[in-house]
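Written out below as structure tokens is the structure these notes cover.
Since every read-out is calculated from the coordinates, none of them should be taken as a lab result. Please read all numbers here as calculations on a predicted model, not as lab measurements. FYI the Cβ positions are ideal-geometry reconstructions off the backbone, even for glycines, and counts take in every protein chain you see.
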Amino acid sequence: MDALHAPWRIDYILGPKDPTRDQSLFTRLGQSNADEENYILGRGRTCYAVLNAYPYSAGHLMVVPYRQTADWNDLDDSELLELMQWVRRCQNALKRALKPDGFNIGVNLGRVAGAGIVEHLHIHVVPRWTGDVNFMPVIADTSIVPEALRTTAAKIRACLEIS
């Protein structure tokens, strides 16, 4: 049997998970100044983009409003507009940086819908390549990310700067 090593996952597995906190992970990231360490890719007035630290595939990122809300209806029109503009901007940056064949772009609202951070709405932008789905996610519940997150983040940041 082959062993696959994904050492960055251990931080999540062993890390503290405090459901009693008032602020979500995304609120704490949005308020932090440690953008590079937190894989923040870019910031707007009402939202920011962050690379997923536990990605489904290389380049998997999320666009997140600064304001913590679990529901679309709590966002005003300017927040909704900028959120979608950042999704488009990030998709274009990913096209330049990683040259995917397609994308999954989506939102999981509520735990039953698959939301991992239920209390804070966010939009996933997941680049996809022809043939990237294989037996690993199905049989081994494992994804293979071929590049270090810091390297991917730097590539995407550079492409966001020119968009």
Which value, in debye to the nearest 20, gives the size of the charge dipole of segment 23-161 about its Cα centre, when Lys and Arg are +1 and Asp and Glu are -1 at the Cβ?
400
Using a Förster radius of 35 Å, what is the FRET efficiency between ARG150 and ASP77 based on their Cβ-Cβ separation? Nearest 0.05, please.
0.50
Residues with amide H under 5 Å from that of LEU41, placed H, sequence gap 5 or more:
ALA49, VAL50, LEU51
Could you derive backbone 3J(HN,Hα) for segment 58-75 from the dihedral phi with the Karplus parameters 6.51, -1.76 and 1.60 (θ = phi - 60°), listing whole Hz in sequence and x where the residue is Gly or Pro?
4, x, 4, 10, 9, 10, 10, x, 5, 6, 6, 8, 9, 9, 3, 5, 7, 8
Using a 10 Å cut-off on Cβ atoms, rank the peptides 85-94, 114-123 from the highest mean neighbour count down.
85-94, 114-123
